[in-house]
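Engineer: Let me give you the structure first, and then I'll get to my questions.
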Amino acid sequence: MSAGRIAVIGASAAGLTAAEQLRRSGWDGEIALVGAEPHLPYDRPPLSKQVLSGAWEPDRTGLRAADALDGLDLDLRLGTRATGLDVADRRVLLGADALDCDGVIIATGVAARALPEQSPGAHVLRTLDDALALRAPLAFPGRRLVVVGAGVLGVEVAAVARELGHEVVLVAPEPVPMERAIGAEAGALLAAAHRAHGVELRLGESVAGLVHDEGRTRGVRLAGGEEITGDAVLVAIGSTPSVDWLAGSGLDLADGVGCDEFCAAAPGVYAAGDVARWPHPVLGRPVRVEHRMNATEQGMAAARNLLAELAPERFGERSPFAPVPYFWSDQYRFKVQAFGDLAEPDEVRLRVLDGADPAAPKAAALYRRGSTACGALTIGVPPKPTRALRTLVADPRPWDEAVAALEAVPA
């Protein structure tokens, strides 16, 4: 297909995958891949594990080798921030520069939330540079790390720091780790595992502010006045969609970039990855998914649907984006895997497979909404039975049949 230019704004997993899909689909026009960071596209999940622990150096996180990127024939603009979008004219503003485009794919992801008055010693963890900055104090033995937040990122970093031999205090208002992601029942197993590994859990506690000393953050102050100090503080309290540059564009920016079921935010403008919010055709509600697998799948879907809009005579009709949501988390020597929609179920059926060692939990769970399974979870379970539970969500079965499959997971 011969055409002009498509701009992909965001050079992480969703953006790079979209660019690759454009080429695979036959777009031989220009592709501008614009990334705010100076690094070549890299993978984010290893940042809180292999990079932070020192097991990997930054070059191992690259999503593609340099020659593979060269083969895409990209106008690669790294260290460049998009500053605006004229939706009607499909013009992307890059400071004093501008790109006139046939189509635009927004894949700018999210930014880490910070606490007020953060100073050196307080860290967030979203980028490669963030990971290296936090790795520096943890390279010395016997440090004390204060983690604020018990979501996926907070507990992963707590696990890495403990494995490196550091003291860890994890503070969060939730009663159990990862409660929003997996629920209270499974979260209780994670709490027991982290305690067994020596993490001091201060759950049900709110942070009122940071403690400073000589211009550095030295800890946190709880709502009750108690101070918890350490050598470093990680603030892992969530993220916000990176949409500031789209102010005034006329797009729906209420929670990320609002799209339709095809990932289209406006004619010729699509979004993918952490920043995209769309009505999931199966779940029946708008979702915005901040997980690695979704970034890849949605990047491909947005690219295919954009091309189908630009040249339907060649690419046919657009397809709704309806994935089975999936995320994983590696903690100590066990893996947490979740499929489907685990939010606000009518019922959770949790089966603990081996309760003898709280430090290495093994469990499987199903989440019911209505009469079928809407979500599945495994902790420390091998791939084959995990995949079997996934099928119960991808192809929903009656609840009794799903529970029978849960009971069949080998202990």
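Engineer: Of everything in the range 328-343, what is among the acidic types (D, E) and modelled with pLDDT of 95 or more? Give them in sequence order.
Structural biologist: Selection gives D330 alone.
Engineer: Can you tell me which residue within the range 110-122, out of those that are farther than 23 Å from V275 by Cβ and not acidic (D, E), is surrounded by the most Cβ atoms within 10 Å (Cβ to Cβ)?
Structural biologist: Restricting to residues being farther than 23 Å from V275 by Cβ and not acidic (D, E), the top hit is A122.
Engineer: Going by what's in this entry, would A158 be described as surrounded by fewer than 19 Cβ atoms within 10 Å (Cβ to Cβ), over 24 Å from T17 (Cβ atoms) and out of contact with any Gly (no Cβ under 6 Å at 6 or more places or on another chain)?
Structural biologist: no
Engineer: Among the residues of the range 235-271, count how many are among the aliphatic types (A, V, I, L, M) and farther than 17 Å from R90 by Cα. Step through it out loud before you land on a result.
Structural biologist: First pass over the range 235-271, keeping only residues among the aliphatic types (A, V, I, L, M): 235-237, 243, 246-247, 251, 253-254, 257, 264-266, 269, 271.
Narrowing the set further to residues that are farther than 17 Å from R90 by Cα leaves 235-237, 253-254.
Residues in the range 235-271 being among the aliphatic types (A, V, I, L, M) and farther than 17 Å from R90 by Cα: 5 in total.
Engineer: Taking the range 287-328, which residues are exposed (fewer than 15 other Cβ atoms within 10 Å of the Cβ) and either in contact with a Pro (Cβ under 6 Å, 6 or more places away or on another chain) or small (G, A, S) (or both)?
Structural biologist: Result: G316, S319, A322.
Engineer: Also, I was wondering about something else. Could you list, ordered by first residue, the pairs with Cβ atoms under 6 Å in which the first is in the range 62-90 and within 12 Å of I31 (Cβ to Cβ) and the second is acidic (D, E) and in a strand (DSSP E or B), at least 6 apart or interchain?
Structural biologist: Correct list of pairs: D75/E30.
Engineer: If Q298 satisfies every condition in (1) closer than 29 Å to H197 by Cα; (2) in contact (Cβ under 8 Å) with a residue 12 or more places away in the chain; (3) in contact with a strand residue (DSSP E or B) (Cβ under 9 Å, 6 or more places away or on another chain) but one, which is the exception?
Structural biologist: Unmet condition: (1).
Engineer: Can I ask one more? Only residues in the range 165-181 that are under 14 Å from L153 (Cα atoms) and among the charged types (D, E, K, R) count as the first member; pair them with residues that are in a loop (DSSP other than H, G, I, E, B) and modelled with pLDDT of 95 or more, Cβ under 8 angstrom, at least 6 apart or cross-chain, and list the lot.
Structural biologist: E179/A150; R180/G151; R180/E174
Engineer: Name the residue, out of A3, A55, that is at pLDDT below 95, surrounded by fewer than 22 Cβ atoms within 10 Å (Cβ to Cβ), among the aliphatic types (A, V, I, L, M) and outside any strand (DSSP E or B).
Structural biologist: Matching residue, one of A3, A55: A3.
Engineer: What's the total number of residues in the range 135-169 that are among the small types (G, A, S), out of contact with any Asp or Glu (no Cβ under 7 Å at 6 or more places or on another chain) and on the phi < 0 side of the Ramachandran plot?
Structural biologist: Looking only at that region, the number is 7.
Engineer: Sticking with this one: Take F334 and decide whether it is buried (at least 16 other Cβ atoms within 10 Å of the Cβ), touching a Pro at 6+ places or on another chain (Cβ under 7 Å) and in contact (Cβ under 8 Å) with a residue 24 or more places away in the chain.
Structural biologist: Judged against the criteria, F334 is a match.
Engineer: Restricting attention to the range 72-84, does a residue exist that is in contact with a Lys or Arg (Cβ under 6 Å, 6 or more places away or on another chain) and not acidic (D, E)?
Structural biologist: Scanning the range 72-84, I find at least one residue that is in contact with a Lys or Arg (Cβ under 6 Å, 6 or more places away or on another chain) and not acidic (D, E), so the answer is yes.
Engineer: Let me ask something additional. So P41 passes all but one of these: (1) crowded, with 19+ Cβ neighbours inside 10 Å; (2) free of Cβ contacts under 8 Å to residues at least 40 places away in the same chain; (3) more than 24 Å from the chain's Cα centre (by Cα). Which condition number does it fail?
Structural biologist: Condition (3) is where P41 drops out.
Engineer: When the residues of the range 375-398 are narrowed to those that are touching a helix residue (DSSP H, G or I) at 6+ places or on another chain (Cβ under 7 Å), in a strand (DSSP E or B) and without any contact (Cβ under 8 Å) to a residue 60 or more places away in the chain, which ends up surrounded by the fewest Cβ atoms within 10 Å (Cβ to Cβ)?
Structural biologist: Among those residues, the one meeting the criterion is G375.
Engineer: So, of the residues in the range 402-411 that are part of a helix (DSSP H, G or I) and out of contact with any Leu (no Cβ under 8 Å at 6 or more places or on another chain), which turns out to be nearest to R351 (Cα to Cα)?
Structural biologist: The first filter runs over the range 402-411 and keeps only residues part of a helix (DSSP H, G or I), leaving 402-407.
Within this subset, residues satisfying the condition of being out of contact with any Leu (no Cβ under 8 Å at 6 or more places or on another chain) are 404, 407.
Working: A404: 12, E407: 8 Å.
Of everything passing the filter in the range 402-411, E407 is nearest to R351 (Cα to Cα).
Engineer: Counting only residues that are buried (at least 18 other Cβ atoms within 10 Å of the Cβ) and out of contact with any Lys or Arg (no Cβ under 6 Å at 6 or more places or on another chain), how many does the range 356-367 have? Please lay out each step first, then the result.
Structural biologist: Quick first cut of the range 356-367, residues buried (at least 18 other Cβ atoms within 10 Å of the Cβ) only: 361-367.
Then drop every residue that is not out of contact with any Lys or Arg (no Cβ under 6 Å at 6 or more places or on another chain), which leaves 361-363, 365, 367.
So the answer is 5.
Engineer: Another one. Name every residue in the range 244-279 that is touching a Lys or Arg at 6+ places or on another chain (Cβ under 6 Å) and farther than 17 Å from G103 by Cβ, in order of residue number. Before the answer, list the steps.
Structural biologist: To start, the set of residues in the range 244-279 that are touching a Lys or Arg at 6+ places or on another chain (Cβ under 6 Å) comprises 255-256, 258, 262, 268, 277.
Answer for the range 244-279, where residues must be touching a Lys or Arg at 6+ places or on another chain (Cβ under 6 Å) and farther than 17 Å from G103 by Cβ: D255, G256, G258, R277.
Engineer: Evaluate the following for V176: is it of a type outside the set (D, E), closer than 20 Å to G121 by Cβ and buried (at least 19 other Cβ atoms within 10 Å of the Cβ)? Even if it seems obvious, please write down each step before you answer.
Structural biologist: Numbers: of a type outside the set (D, E): yes; closer than 20 Å to G121 by Cβ: no; buried (at least 19 other Cβ atoms within 10 Å of the Cβ): yes.
No: the conditions fail for V176.
Engineer: Among (1) within 22 Å of V289 (Cβ to Cβ); (2) touching a Gly at 6+ places or on another chain (Cβ under 8 Å); (3) crowded, with 24+ Cβ neighbours inside 10 Å, where does A181 come up short?
Structural biologist: Going through (1) within 22 Å of V289 (Cβ to Cβ); (2) touching a Gly at 6+ places or on another chain (Cβ under 8 Å); (3) crowded, with 24+ Cβ neighbours inside 10 Å one by one, A181 breaks only (3).
The values are calculated or read from the model by the stated rules, or taken from the named source; none is laboratory data. This is a predicted model, so every value here is computed, not measured. Heads up, the Cβs are rebuilt from the backbone with ideal geometry, glycines too, and the neighbour counts pull from every protein chain shown.
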